[in-house]
Amino acid sequence: MKLLSLSSPPPFSQALLHVPLFLFSSILLSSLLLVFLILLWRRHPKDKRLPPGSMGWPYIGETLKLYTENPNYFFSNRQKRYGEIFKTNILGCPCVMISSPEAAKTVLVSQAHLFKPTYPPSKENLIGPEAIFFHQGAYHSKLKKLVQTSFLPLAIKGSVSEIEQIVLKMLPTWKNNTINTLQEMKRYAFDVAMISAFGDKMDIEMDGIKKLYLCLEKGYNSMPLNFPLTPYRKAIKARKLLNETLRRIIERRRDSKNYGGGLLGVLLGGKELSDSQIADNIIGVIFAAHDTTASVLTWTLKYLSDNVNLLEAVTKEQEGIKMKMVGAGLTWDDTRRMPLTSRVIQETLRRASILSFTFREAVEDVEFEGYIIPKGWKVLPLFRTIHHCADFFPQPDKFDPSRFEVPPRPNTYMPFGNGTHSCPGSELAKLEILILLHHLTLSYRWQVTGENDGIQYGPFPVPKRGLPVKVTKRSKTVPT
């Protein structure tokens, strides 16, 4: 019988007996995953005329750079190096980024049938694959008609009073306090989104929906790592629970024949959609109406704080509205008589460019400006780059609402996208910003605390630390 020397290592097969099974399995799975990711990273076709650019690390690509660098630097640096069309890898997806108005129009409007709307699978799964954002053709057309029924001016006129009540209840809680602007604006935007989604009929599940949505949002804005305890795994669980909650509301409203208002009432009234289709589109609308609007509001307060003369001019305009008001509250017509405040919103949308780009996907191999975009690759029109181009907007880093006294050149200003998939809720977003600015500028003033500059990304660009401000009562009284 051969004895093993204590000074020499045992054969590999016997050494495995001393390794915990779960550890060995983890090592094996990690190795296989690494091989798979390398193959995935290398799979893009070498024999085709791909645009220039870097694909970054396997799977991760250049995602971390995109979400941690100043987006202006990220895009302009690659544009200078590679030109107005370049390739990269974002969230595990091979992408082609384009940065000219003509190219954006081609992808979003004139040749839109070649580039279907899409998101990275990780994000699409959290919103819901049957949401309007991800479809073309007859299903999209049917949904768009229903959604527009809820968000056209004729429909949202009746929401002015409800939105105003949210503002009047919220603003006094800010007085003489230091607030995190972004978090407060998220709270406001979420309340408005819930009204737009469910109408004024608040079901008992509303508090639960808010908690589940916040968990979903954290995972949506994180790296899509589906492992235990990660934000993305928690978001997947929250999405399932959210779906069950929405199904209960849908069933109860159907049984009672009282569909209620908001988008849910419209979708139920269509009587052609399944529960999952309705649920996905309700969640999609909340997503579209929440984070982006809150970010725009945060930047608006930042820019007004930085431009005192502009703030006083906006206040004067709002005082004029107040003096001419017939009733106790704002009306839809009042919000149509705020040209300067509206230009402030337009310039905020351009300057901040909350949506740096949108996702499309090539439905076949597409020849584009001398290059081939392979089928399945994402195509990202870079709104931010176009909005910050000095050829279209002189002194692009200057906050100047007067530039919108004349309409911008076609396809150079796209804060809500372009084409058939442009954001249907743009008018509602503008409305809630106008209502908040009316009451805020008339009654309060705010001062940024701590550092006044800096940007953070999560993933939308917002002022550093969410813009903490000290809110005080405005000393000048409003004319009556």
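The values are calculated or read from the model by the stated rules, or taken from the named source; none is laboratory data. For clarity, every value in this text was computed on a predicted model and none was experimentally measured. Because the Cβ atoms are built from the backbone with ideal geometry, glycine has one as well, and the counts that use them run over all protein chains shown.
The set of residues from region 415-438 being more than 17 Å from HIS290 (Cα to Cα) and either at pLDDT below 95 or among the hydroxyl-bearing types (Ser, Thr, Tyr) (or both) comprises ASN418, GLY419, THR420, HIS421. Condition check for VAL363 on (1) touching a His at 6+ places or on another chain (Cβ under 8 Å); (2) under 30 Å from ASP453 (Cβ atoms): one failure, at (2). Residues that are under 18 Å from GLU251 (Cα atoms) and either of a type in the set (A, V, I, L, M) or assigned to a helix (DSSP H, G or I) (or both) were ranked within region 198-216; the one that is modelled with the lowest pLDDT is MET202. Listed conditions (1) closer than 29 Å to GLN111 by Cα; (2) modelled with pLDDT of 95 or more; (3) in contact with a strand residue (DSSP E or B) (Cβ under 7 Å, 6 or more places away or on another chain) are all met by LYS302, apart from (1). Are there any pairs, at least 6 apart or on different chains, whose C-beta atoms fall under 7 Å, with the first in region 316-337 and closer than 25 Å to ALA155 by Cβ and the second in a loop (DSSP other than H, G, I, E, B) and at pLDDT below 95, and if so, which? Once the first residue is closer than 25 Å to ALA155 by Cβ and sits in region 316-337, its partners that are in a loop (DSSP other than H, G, I, E, B) and at pLDDT below 95 give ASP334/MET325.
Summed over region 452-479, the residues that are modelled with pLDDT of 75 or more, hydrophobic (A, V, I, L, M, F, W, C) and in a loop (DSSP other than H, G, I, E, B) give a count of 2. Report the residue count in region 172-228 for those that are free of Cβ contacts under 8 Å to residues at least 60 places away in the same chain and of a type in the set (Val, Ile, Thr). Residues flagged as free of Cβ contacts under 8 Å to residues at least 60 places away in the same chain and of a type in the set (Val, Ile, Thr) within region 172-228 amount to 3. crowded, with 19+ Cβ neighbours inside 10 Å, among the β-branched types (Val, Ile, Thr) and at pLDDT below 95: is that true of THR441 in this structure? In short, no.
Check region 217-225 and report whether any residue there is under 20 Å from the mean Cα position of the chain (by Cα), among the aromatic types (Phe, Trp, Tyr), at pLDDT 90 or above and buried (at least 16 other Cβ atoms within 10 Å of the Cβ). The answer is no; no qualifying residue exists. Scanning region 126-165 for residues that are surrounded by fewer than 17 Cβ atoms within 10 Å (Cβ to Cβ) and more than 21 Å from SER426 (Cα to Cα) yields a count of 4.
Remark: pairs (first residue in region 283-305, touching a residue at least 12 places away in the same chain (Cβ under 8 Å); second residue of a type in the set (S, T, N, Q) and assigned to a helix (DSSP H, G or I); Cβ separation under 7 Å; 6+ apart in sequence or on different chains) = VAL285/SER196; ALA289/SER196; VAL296/THR348; THR298/THR181; TRP299/THR348; THR300/THR348; LEU301/THR181; TYR303/THR348. Taking each residue of region 390-415 that is under 22 Å from TYR73 (Cβ atoms) and in contact (Cβ under 8 Å) with a residue 60 or more places away in the chain and looking for partners that are surrounded by fewer than 18 Cβ atoms within 10 Å (Cβ to Cβ) and aromatic (Phe, Trp, Tyr) with beta-carbon atoms closer than 7 Å, six or more apart or interchain, yields THR412/PHE392.
Matching residues to (1) among the hydrophobic types (A, V, I, L, M, F, W, C); (2) more than 25 Å from ARG474 (Cβ to Cβ):
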position: GLN395; (1), (2): no, yes
position: LYS398; (1), (2): no, yes
position: GLU405; (1), (2): no, yes
position: ARG409; (1), (2): no, yes
position: MET414; (1), (2): yes, yes
position: ASN418; (1), (2): no, yes
position: SER443; (1), (2): no, no
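State all residues of region 352-367 that are surrounded by fewer than 21 Cβ atoms within 10 Å (Cβ to Cβ) and at pLDDT 90 or above; if no residue qualifies, say none. GLU361, VAL363, GLU364, ASP365, VAL366, GLU367 - these are the residues of region 352-367 that are surrounded by fewer than 21 Cβ atoms within 10 Å (Cβ to Cβ) and at pLDDT 90 or above. Of the residues in region 139-147, at least one is of a type outside the set (D, E, K, R) and either at pLDDT 90 or above or in contact with a strand residue (DSSP E or B) (Cβ under 9 Å, 6 or more places away or on another chain) (or both). Looking at the structure I just gave you, is THR420 among the hydroxyl-bearing types (Ser, Thr, Tyr), in a helix (DSSP H, G or I) and surrounded by fewer than 15 Cβ atoms within 10 Å (Cβ to Cβ)? It is true that THR420 is among the hydroxyl-bearing types (Ser, Thr, Tyr), in a helix (DSSP H, G or I) and surrounded by fewer than 15 Cβ atoms within 10 Å (Cβ to Cβ).
Counting the residues of region 168-185 that are within 15 Å of VAL469 (Cβ to Cβ) and in contact with a His (Cβ under 7 Å, 6 or more places away or on another chain) gives 1.
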